[in-house]
Amino acid sequence: HPKSSWPGINKFNFNMQQQKKAPAFKLRESSEEELLKTLVQFRSELVGLRTSKVSSAPQVKLARIRVVRKTIARVLTILNEKRRTAAKEAWKNKKYTPKDLRVKGTKASRSGLSAAQLKLQTVKAQKKAANNRTRKFAISA
């Protein structure tokens, strides 16, 4: 940084690597162990930022708290995605899938009858349908 006109501003060491937020596409390329390491790193940074907030830190550090929180959420989301895809692969060819890995859909689609169940008819309904079929005529009106 160039020398500032404000007294005491240069005593803070601003690390530009720390200032950037981690983009999701780069996080997706890394392994689960690396993601856990970055998660620990960001959480420790957040603790440091919160303690410096109490000791009246400059505004730049306060703005950084939000960025770190969002980055932690991003890392946790990607960890969850990776774990879910691995679990889905593990349960792919099994007879049953756990409820949290199933497709959610809507409540109506989950509680409704299947197509085969909808087509089922009672004996009485089958007789009525057989006796009252739509007639086919050779000449149409």
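The values are calculated or read from the model by the stated rules, or taken from the named source; none is laboratory data. Everything numeric in this text was worked out from a predicted model, so none of it was measured. Glycine gets a Cβ as well: all are built from the backbone with ideal geometry, and neighbour counts include every protein chain shown. The area values use the complete protein model at the heavy-atom level, side chains included, leaving out ligands, DNA and RNA. Shrake-Rupley method; radii C 1.70, N 1.55, O 1.52, S 1.80 Å.
Just to be sure I understand the filter: pairs with C-beta atoms under 6 Å, separated by 6 or more residues or on different chains, first member in the range 35-58 and free of Cβ contacts under 8 Å to residues at least 12 places away in the same chain, second member surrounded by 13 or more Cβ atoms within 10 Å (Cβ to Cβ). Which pairs pass?
S52/K61
Residues to consider are K82, K136, K104; find the one that is more than 19 Å from the chain's Cα centre (by Cα) and among the basic types (K, R).
Testing whether each residue is more than 19 Å from the chain's Cα centre (by Cα) and among the basic types (K, R) leaves just K136.
Within the range 49-65, restricting attention to residues that are more than 23 Å from K26 (Cβ to Cβ) and open to solvent by less than 50 Å² (accessible area, probe 1.4 Å), which residue is modelled with the highest pLDDT?
S52
Considering only residues that are open to solvent by less than 70 Å² (accessible area, probe 1.4 Å) and hydrophobic (A, V, I, L, M, F, W, C), look in the range 1-35 and name the one that is modelled with the highest pLDDT.
For the range 1-35, the residue satisfying everything is L35.
Going through the range 66-85 one residue at a time, which ones are open to solvent by less than 60 Å² (accessible area, probe 1.4 Å) and more than 12 Å from R28 (Cα to Cα)?
Result: V67, V68, T71, I72, A73.
Name the residue that is modelled with the lowest pLDDT, counting only residues in the range 71-101 that are out of contact with any helix residue (DSSP H, G or I) (no Cβ under 9 Å at 6 or more places or on another chain) and farther than 18 Å from L36 by Cβ.
Ranking the qualifying residues of the range 71-101, first place goes to K99.
State all residues of the range 113-130 that are outside any helix (DSSP H, G or I), open to solvent by less than 100 Å² (accessible area, probe 1.4 Å) and modelled with pLDDT under 95; if no residue qualifies, say none.
S114
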